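Undergrad: The structure that follows is given in the form of structure tokens.
The values are calculated or read from the model by the stated rules, or taken from the named source; none is laboratory data. Everything quoted here is computed from the prediction, not taken from an experiment. Cβ placement follows ideal geometry from the backbone for every residue including glycine, while neighbour counts extend to all protein chains displayed. Note: accessible area is taken over every heavy atom of the protein model, side chains too, but ligands, DNA and RNA are not part of it. Shrake-Rupley method; radii C 1.70, N 1.55, O 1.52, S 1.80 Å.
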Amino acid sequence: MEKKIQYDYLVVAVGNQLKYEQIKGLPEAFNTPGVCSNYSPLYVNQTYECLKNFKKGNAIFTFPSTPIKCPGAPQKILYITEDYLRRTGKLNNARLIYNSSLGVIFGVKKYADALWKVVKSRPQIEVNLRRNLVEVIPSERKAIFQNLDKPEEFFTHDYEMLHVTPPQGPPTALKGDLSDPIGYLDLNKTTLQHTKYKNVFGLGDCANTPNSKSAAAVAAQSVVVFQNLLSVINGKEPKLVYDGYASCPLVTSNSTCILAEFDYNLQPLETFPMNQAMERRSMFYLKKDLVPFIYWNLMLKGYWNGPKTLRNIMHLGMG
């Protein structure tokens, strides 16, 4: 039932919508063996079942042709699977295929170079760029991909395991006066104020700001929205600036991680005074143990606005 609520000020943070149905054969294929996705609570438990039941053949991982939340996740499961199959003695009978719609393995060159080194060190991994999943045929265990540079060209792969990252987009309810032509919340990318309505702010995956959509971005955005909203309430112009900070902890095994941190310009914006493009055990335990603690105990309670202060301390005020 619809209900109208009057407001003086509005903060919009309605997230991204998963759109499995844009791929022919989904979501029905999730009811068949070998198909999984970490992006939905409905299907995430199937990922481990796929790993345990894997015998031999292709394990395929996808990245769609839309903006997505946590853009490092499609690669994380690739590397975790490779590591799991190695530790369980199944890797020699496996071919791991990462088909991404993107033209690069990662948007920030420093980390892309590091990830290519990871891929090249693991011969069972094959990376294909500009390939988009368009159909799943579960009765034949086949996945069909389109070449985005030659749309008339298609590739068909047999799969033993298929991990799907779904197309995503703004919630349908958001489309209208507050959205841009695509449907995302139309914001000034630095102040996070709506471009038309000065009493409206937004943050997170629903916004059209050109940052990587991640929890780390939301943490950094939250303090900007808070301070700028207070300024507007007090009759002042919003002054605090969001620099596009985002973070992708790229887990590369069950004990290593590359901690990617960067800004709007796709330049590294690293917290620690070390080369974070290296696979490190310390970054793995930060991701595994510290980040969940920060999320549940600090960020969701409004006590965490990202690592900017820590970064300045670590870099002696020059971060």
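Undergrad: In the stretch 269-315, how many are basic (Lys, Arg), open to solvent by less than 70 Å² (accessible area, probe 1.4 Å) and under 19 Å from the mean Cα position of the chain (by Cα)? Show your work before the answer.
TA: First, pick out the residues of the stretch 269-315 that are basic (Lys, Arg): 280-281, 287-288, 301, 308, 311.
This time we only want the ones that are open to solvent by less than 70 Å² (accessible area, probe 1.4 Å), so: 280, 287, 311.
With under 19 Å from the mean Cα position of the chain (by Cα) added as a condition, the list becomes 287.
Number satisfying all stated conditions: 1.
Undergrad: Here are the criteria: (1) in a helix (DSSP H, G or I); (2) exposed (fewer than 15 other Cβ atoms within 10 Å of the Cβ); (3) under 16 Å from the mean Cα position of the chain (by Cα). Tell me which single one residue 52 does not satisfy.
TA: Status for residue 52: all satisfied but (3).
Undergrad: Within the stretch 177-231, how many residues are β-branched (Val, Ile, Thr) and within 20 Å of residue 70 (Cβ to Cβ)? So that I can check it myself, show each step before the final result.
TA: Within the stretch 177-231, the first condition is being β-branched (Val, Ile, Thr), and the residues that meet it are 182, 190-191, 195, 200, 209, 218, 223-225.
Right, trim to within 20 Å of residue 70 (Cβ to Cβ) and you get 182, 209, 218.
Within the stretch 177-231, residues that are β-branched (Val, Ile, Thr) and within 20 Å of residue 70 (Cβ to Cβ) number 3.
Undergrad: Need the failing condition index for residue 42 against (1) open to solvent by 20 Å² or more (accessible area, probe 1.4 Å); (2) aliphatic (A, V, I, L, M); (3) touching a residue at least 40 places away in the same chain (Cβ under 8 Å), just the number.
TA: (3)
Undergrad: I'm checking my understanding of the structure. Among residues of the stretch 39-67 that are among the hydrophobic types (A, V, I, L, M, F, W, C) and in contact with a strand residue (DSSP E or B) (Cβ under 7 Å, 6 or more places away or on another chain), which one is farthest from residue 77 (Cα to Cα)?
TA: Looking at the filtered set, the residue picked out is 54.
Undergrad: Taking the stated definitions as given, is residue 194 open to solvent by less than 10 Å² (accessible area, probe 1.4 Å) and within 30 Å of residue 94 (Cβ to Cβ)?
TA: no
Undergrad: Please work out if residue 169 is in contact with a Lys or Arg (Cβ under 7 Å, 6 or more places away or on another chain) and surrounded by fewer than 23 Cβ atoms within 10 Å (Cβ to Cβ).
TA: When the stated conditions are applied, residue 169 passes them.
Undergrad: Tell me the residue from 109, 4 that is surrounded by fewer than 21 Cβ atoms within 10 Å (Cβ to Cβ), at pLDDT 95 or above and either of a type outside the set (A, V, I, L, M) or farther than 22 Å from residue 213 by Cβ (or both), please.
TA: Working: 4 fails: at pLDDT 95 or above.
Within the list 109, 4, the selection yields 109.
Undergrad: Output yes when any residue across the stretch 228-248 is open to solvent by 10 Å² or more (accessible area, probe 1.4 Å), over 19 Å from the mean Cα position of the chain (by Cα) and acidic (Asp, Glu), and no when none is. I'd like the intermediate steps shown before the answer.
TA: Kept after step one, since they are open to solvent by 10 Å² or more (accessible area, probe 1.4 Å), are these residues of the stretch 228-248: 229-241, 243, 245, 247.
In the following step, the residues that additionally are over 19 Å from the mean Cα position of the chain (by Cα) were identified as 229-241.
Narrowing further to those that are acidic (Asp, Glu): 237.
Yes, the stretch 228-248 contains a residue that is open to solvent by 10 Å² or more (accessible area, probe 1.4 Å), over 19 Å from the mean Cα position of the chain (by Cα) and acidic (Asp, Glu).
Undergrad: Pull out all pairs, ordered by first then second residue, where Cβ-Cβ is under 9 Å, the residues are six or more apart or on different chains, the first lies in the stretch 8-34 and is more than 21 Å from residue 67 (Cα to Cα), and the second is open to solvent by 80 Å² or more (accessible area, probe 1.4 Å) and among the acidic types (Asp, Glu).
TA: 33/49
Undergrad: Going by what's in this entry, would residue 266 be described as free of Cβ contacts under 8 Å to residues at least 60 places away in the same chain, under 21 Å from residue 203 (Cα atoms) and open to solvent by 30 Å² or more (accessible area, probe 1.4 Å)?
TA: Spelling it out, it is not the case that residue 266 is free of Cβ contacts under 8 Å to residues at least 60 places away in the same chain, under 21 Å from residue 203 (Cα atoms) and open to solvent by 30 Å² or more (accessible area, probe 1.4 Å).
Undergrad: Among the listed residues 94, 59, which satisfies the condition of being more than 23 Å from residue 148 (Cα to Cα), of a type in the set (A, V, I, L, M, F, W, C) and buried (at least 20 other Cβ atoms within 10 Å of the Cβ)?
TA: Only one candidate passes the filter, namely 94.
Undergrad: Quick check: is even one residue across the stretch 21-28 under 27 Å from residue 209 (Cα atoms) and open to solvent by 10 Å² or more (accessible area, probe 1.4 Å)?
TA: Looking through the stretch 21-28, at least one residue is under 27 Å from residue 209 (Cα atoms) and open to solvent by 10 Å² or more (accessible area, probe 1.4 Å).
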